Amino acid sequence: MKKVYILITCFAMILIFTNCFRLDDFLYNEDNTIKSYKLDNYKGDVDFKLAASYDISSTYISQFTLQSRFEGKTKKIYAVYIGDKTKITTDTVILYCHGNKDHMDFYWPRAKLLANMNGPMDGTTGYGVLMIDYQGYGLSQGTPNEEALYNDVNAAMKWLKSQGLTNNRLIMYGFSMGTAPATELTANPKAMNPRILILEAPFASAEVMVQDSSVLALPGSFFTNLKIDNAKEIRKVTQPFLWLHGKKDDFLRISTHGEVVYKNYGGNSSLAIRVAGAGHSNLPEVFGFQNYLTTIENFILSN
Amino acid sequence: MAKRKLNCLLLIVISLSLVHCSTSRLTKPIPKGKFRAGLDIGGPIVTISDTIFPLPLSSLSLAYGLQEKISISGALHTTALLFGVVQLEIGGVYEVFKPKKFIPGFSVSPYLHLMFDTWETNVKLYPEVDLNFYWDIKNGDIVYIGLTNWIEFATRKAHGQSQDQNLIWSPHVGYTFTPAMWQLSLEMKYLSPGVKNSNLIVNYHGINEYGALGLYLSAARLF
């Protein structure tokens, strides 16, 4: 009888710890330990470095904060705009939704590269780039979560609208995790309705990540409550769509993630760029920075 | 920060590997009328932050010697439970023939895995059939080789992509020590050798980028 009690006690203890873990809270790879943004002076790891020819005068770099609401509370999030703010009324603006790592300093070379779209940024290129840190990333207040991603990017669109940007000059760009808010807010526009969607290394859904790694067709709910589903949301996107993905992406497989998103696109104006030799983090570098910029600009100009 | 990232990766890897979960539960029947309570731990070998180790997936099991050639067992997968996934396993072992000197004994172990999550109550059912050849060594110790076979009924997975693997087979080799009333097993599996393991979020260790090697330990007490 004593053995039975021991078994029952063990079982009860196991049940107490049931549901302790979900992937959701651990998926975000933010770093909120920085005291300020360093941008060009950032000494941490970055995906790639740019030559001095891509440097941007401080005249065209503006750091500021935005207000993003989540669950009834307002959070201060940080943003950087590259370009001439006074020309947002006429320039085309790329809203860059960064990936899952650290904060804006890590993604600064990527945003800076895009700001060199039509030659060195001198305020006359006709382009600007806005990047934000989502809640919990960098200096932005709050903790990361799926709804906050959408609210934060929407807050960025509200700001752009307040500065005079119109829908026909808004380009939504998402990289990796940033493809979730980029796709969501292009499929279901809120403050603004982007004219073009550009996704670099998108993931299809959390469920695909699970199934890729487990071999079996397990439901995503076994591991996560995340509802992010780019493969589903992209069906609602009718705006022109440019997809870039490294063929050697070792984090989000091109075959199970990118190809599915591209196949499900709901519009009729799309371009797929599958970059041989590129992994998850180095597509612009492997593709060639100028090739990358020319491809994007040509797509924007032709749509 | 580094520690947080490590925790993150560890949890992701553990959760994505819940199905690769235990030793071959029973390679031969236990004596008629005896119970066997066991703890299994181990999993696929992965690299996280330059550290190579087998995942600590765990399960608790209880078996009963029903007849001389048949034992039945049930198990609860405890790591899965931590994620809110109830994974129950019922099955047993049938000894087809006993070992004779150098000729191994042969057993068949069918199991049924019922999994459901406590969040959206999605349910999955997986039959498993283990085939084992084993040799009696000395003092009740055995060495065994065999195949673990999982069957995936689904032909489609997320977003209509085809489920290419419906029979997931994994060869294994193991040794069971039997001090007094204990059974202590050490087992090595080669999980899903037909499946390419490159370009995944999980850094498995396979052979030529295929499958994953797994290391498992089991401790069981007869009573």
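Looking at B:I145, B:H77, B:V46, which one has the Cα that reaches farthest to the positive end of the dipole of chain B (charges on Cβ: Lys, Arg +1; Asp, Glu -1)?
B:I145
Run the accessible area of the protein assembly as shown with a 1.4 Å probe and give the carbon-and-sulfur part as a rounded percent.
Accessible surface attributable to carbon and sulfur in the protein assembly as shown totals 59 percent.
How are the Cα pair distances of segment A:40-176 distributed, in percent, across 5 Å bins from 0?
2, 10, 22, 23, 21, 14, 7, 1, 0
Using each residue's phi in segment B:24-37, evaluate 6.51 cos²θ - 1.76 cosθ + 1.60 at θ = phi - 60° and report the 3J(HN,Hα) Karplus result to the nearest Hz, with x for Gly and Pro.
So the J values, rounded to whole Hz, are 5, 4, 10, 8, 8, x, 8, x, 4, x, 8, 9, 9, 10.
Do the alpha carbons of any pairs in B:K157/B:K189; A:K112/A:K190; A:K87/A:K247; A:K87/A:K227 sit beyond 31 Å of each other, and which pairs?
Cα-Cα > 31 Å for A:K87/A:K247; A:K87/A:K227; rest within.
To the nearest 10 square angstrom, how much accessible area does B:F133 have with a 1.4 angstrom probe?
Its heavy atoms expose roughly 80 Å² to the probe.
Based on the alpha carbons, how large is the Rg to Rh ratio for the protein assembly as shown when Rh follows Kirkwood?
Taking Rh as the inverse mean 1/r over Cα pairs, Rg/Rh reads 1.07.
For chain A, state the semi-axes of the equivalent ellipsoid (square roots of 5 times the eigenvalues of the alpha-carbon gyration tensor), sorted largest first and rounded to whole angstrom.
Largest first, chain A gives 36, 22, 19 Å.
Once every DSSP H run of n ≥ 4 in the protein assembly as shown is given -39500 (n - 2.57) and the sum is divided by its residues, what mean residue ellipticity at 222 nm do you get, rounded to the nearest 500 deg cm²/dmol?
-6500 deg cm²/dmol
Mind checking which aspartates and glutamates have their Cα closer than 19 Å to the Cα of A:K35? Skip sequence neighbours fewer than 8 apart in that chain.
By straight Cα distance, A:K35 reaches A:D45, A:D102, A:D105, A:D133.
Sorted by accessible area (1.4 Å probe), largest first, how do A:V286, A:V210, B:V108 line up?
Greatest to least solvent exposure: A:V286, B:V108, A:V210.
Take the Cα pairs of segment B:97-223, get the Kirkwood Rh, then feed it into Stokes-Einstein at 20 °C and 1.002 mPa s and tell me D in µm²/s.
My calculation gives 126 µm²/s for D.
Under 18 Å Cα-Cα from B:K100, which aspartates and glutamates qualify once same-chain neighbours fewer than 8 residues away are excluded?
B:E68, B:D136, B:D141
Over the Cα atoms of segment A:180-219, what is the Rg over Rh ratio if Rh follows Kirkwood?
Radius of gyration relative to Kirkwood radius: 1.15.
How much accessible surface area, in Å² rounded to 10, belongs to the heavy atoms of B:D164 with a 1.4 Å probe?
110 Å²
Just by accessible area at a 1.4 angstrom probe, what is the order of B:W182, A:W243, B:W150 from largest to smallest?
These residues rank, largest area first, as B:W182, B:W150, A:W243.
Kindly work out what percent of the DSSP beta bridges joining two residues of segment A:51-152 are antiparallel, to the nearest 5.
Once the DSSP bridges in segment A:51-152 are tallied, antiparallel ones form about 75 percent.
Treating cross-link reach as a plain straight distance, find the lysines whose alpha-carbon is under 17 Å from the alpha-carbon of B:K98, omitting any fewer than eight places away in the same chain.
B:K28, B:K32, B:K69, B:K138
Using Cα atoms only, what is the angle between the long axis of helix B:2-16 and the major principal axis of chain B, expressed in degrees (0 to 90) to the nearest 10?
For B:2-16 against chain B, the angle is about 60 degrees.
The values are calculated or read from the model by the stated rules, or taken from the named source; none is laboratory data. Treat the numbers as computed from the prediction; the structure is a model and nothing was measured. All Cβ positions, even for glycine, are placed from backbone atoms using ideal geometry, and neighbour counts span all protein chains on display. The area values use the complete protein model at the heavy-atom level, side chains included, leaving out ligands, DNA and RNA. Shrake-Rupley method; radii C 1.70, N 1.55, O 1.52, S 1.80 Å.
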